[in-house]
1. Give the stretch B:399-410 a look and list any residue that's touching a helix residue (DSSP H, G or I) at 6+ places or on another chain (Cβ under 7 Å) and away from the ligand (no atom under 16 Å from the Cβ), or say none.
2. Might you let me know whether the stretch B:171-181 holds any residue that is buried (at least 24 other Cβ atoms within 10 Å of the Cβ), more than 10 Å from every other protein chain (Cβ to nearest Cβ) and in a helix (DSSP H, G or I)?
3. Looking at the stretch B:336-443, what strands (runs of 3 or more DSSP E) fall wholly within it and have at least 1 residues that are without any contact (Cβ under 8 Å) to a residue 40 or more places away in the chain?
4. With away from the ligand (no atom under 16 Å from the Cβ) and in contact with a helix residue (DSSP H, G or I) (Cβ under 8 Å, 6 or more places away or on another chain) as the only criterion, which of B:97, B:13, B:130 stands out?
5. Please go through the stretch B:411-432 and give me each residue that is near the ligand (Cβ under 10 Å from one of its atoms), in contact with a strand residue (DSSP E or B) (Cβ under 9 Å, 6 or more places away or on another chain) and more than 18 Å from residue B:369 (Cβ to Cβ), ordered by number.
6. Only one residue in B:78, B:86 is at the interface with chain A (Cβ under 10 Å from one of its Cβ atoms), within 25 Å of residue B:343 (Cβ to Cβ) and touching a strand residue (DSSP E or B) at 6+ places or on another chain (Cβ under 8 Å). Which one?
7. Can you tell me how many residues within the stretch B:222-244 are touching a residue at least 12 places away in the same chain (Cβ under 8 Å), away from every other protein chain (no Cβ under 13 Å) and closer than 19 Å to residue B:115 by Cβ?
8. Please determine whether any residue of the stretch B:56-64 is in the same structural domain as residue B:258 (by TED's automatic domain parsing), more than 14 Å from the ligand (Cβ to nearest atom) and touching a strand residue (DSSP E or B) at 6+ places or on another chain (Cβ under 8 Å).
Ligand code: SF4
């Protein structure tokens, strides 16, 4: 799925300091019935954003006007646990976010994010706390995520930390490429390998 | 360094290693279902690609299918749309398709092994995180996202960094009423839902050697709930006996050749794991969860801990208990329940129905309980009938439904209403997993049965004959 290139992103951020946010919260199963990739942004965190009668829960950070338009979400530890549904990562992207910062990510979610153009940035729990504190003190706090240099910085104070991403995935994100582009380029090698498989 | 079982299978599938990047991993078997595949086919088409090895992909309809009146058209237009898309895509690309009503239809992780598609030493993926089930056969099996479904369709490969290895040893013998589900819930309660993140698990020790294939599938199925990519168990005679003669299993000379290879699939005595953990079988009790993630489990006769026993954070612990409407220190036994769900790829196989029937036999369903008994496949239904379990189910006042994922993720009509409490043999107790506002207690088929006939959370050991 094509996505926009990612280079340096400076933005305010939504704070979601809750641990173990699972993919059933990010996008509840009943919204997985699409046969096309549309409408997922609307149902991002559906049951935490809306009451059962459809009115918004105004206290929920994603609904707060002061954070509107942020491209970054700072989440609690073990973000994205649970199901393999890539719809969770789509809903992050379609909601308008390009980066999720957390002190720990669930495996498949992290992988899915990288495949759809959302950058998962894992920081130390101390730095995550600093980010939460800064955002809660001033909702207009800006965070700079610099992919080429692999750093994440609190713009106001200059506090900074580096993050890990493998070179391959980094190049993909910088160029807007994905794994299928790569694999299609080595098709002959794959078909030669396929012939060696016993079943 | 000597190889682990996982190393042997993984390394045999690496097409190439990307410099400072993931491995290109060849996939032997790919399962698809109606929910996570339609967008993958759209992606494939928008890039102008084709399905390269249609014979290596298998489609079955399960996630949003109704569990009654499957012979009638599916009422929900969105579900019907996804089912049509699956059938259309399968037909268009020459992929085998077991749609609603087909005798081979059922939950993807139940029908794969039943039909001999799941084999030791294979790499198996599916756009469903419980693909780890197939690891019970000594395969590397794990869940993937829709982009990766498209990758497998169009290239038969995915790109993944090799996970670290974790061996979980459990020796000794299990107590009465302690099932494979309890073993898995026990491990998750010790490790937490993120304790095995980044690892691929191998289960070893007497407990797993002595376990049936069905039980091994239950354990491997739940590997993902401790954060692991997947889990596997070295194949042995039980594995071969299970596979032999299944419709799509290798036959004749191919079988001989396969056996030769499979017999090499074990971790060498001096193989090193990145992490190794051991537990004592005697410590494991029938388990139940009390919170909103599968790591929040305790022995069914225990009380809810007074503080978070794991390090998952005090806020989520309090939020979780508030959602469940439970208090710290409360006993789980005796809590009045509203629903019981027996089914899913975790506990929807024949052995699970046998266990359930063992308890309900000669008893009656409690009046306050609505029970959904949903077999994992048509083959399981047939076997239930062959063994006469349907009669026990019937005379105890229960109803057997038709196969599918059902209330495991509640995408069809089988939704637990808001606020209601369900004892479920499925794999996830997340907020709203079984329907918006539903409250889920994960447990074994024995605990589910004991609670279904008592109307309250019950220790099955008090009802076992
Ligand atoms: S039963 Fe549940 S976990 Fe298993 S395949 Fe279906 S939805 Fe996934």
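The values are calculated or read from the model by the stated rules, or taken from the named source; none is laboratory data. Nothing here was measured: the structure is a model prediction, and the numbers come from that model. Note: ideal-geometry Cβ built from the backbone for every residue, glycine included; neighbour counts use all protein chains shown.
1. Passing the criteria: only B:400.
2. Checked the stretch B:171-181: at least one residue is buried (at least 24 other Cβ atoms within 10 Å of the Cβ), more than 10 Å from every other protein chain (Cβ to nearest Cβ) and in a helix (DSSP H, G or I).
3. Details: elements: B:339-342, B:370-373, B:421-424, B:439-442.
Fully inside the stretch B:336-443 and qualifying: B:370-373.
4. Just one listed residue meets the conditions, B:97.
5. B:427, B:428
6. B:86
7. Within the stretch B:222-244, residues that are touching a residue at least 12 places away in the same chain (Cβ under 8 Å), away from every other protein chain (no Cβ under 13 Å) and closer than 19 Å to residue B:115 by Cβ number 5.
8. Filtering the stretch B:56-64 down to residues in the same structural domain as residue B:258 (by TED's automatic domain parsing) leaves B:56-64.
Filter once more, keeping what is more than 14 Å from the ligand (Cβ to nearest atom): B:56-57.
The next check asks that each one be touching a strand residue (DSSP E or B) at 6+ places or on another chain (Cβ under 8 Å); those that pass are B:56-57.
Within the stretch B:56-64 (the criterion being in the same structural domain as residue B:258 (by TED's automatic domain parsing), more than 14 Å from the ligand (Cβ to nearest atom) and touching a strand residue (DSSP E or B) at 6+ places or on another chain (Cβ under 8 Å)), the answer is yes, since at least one residue qualifies.
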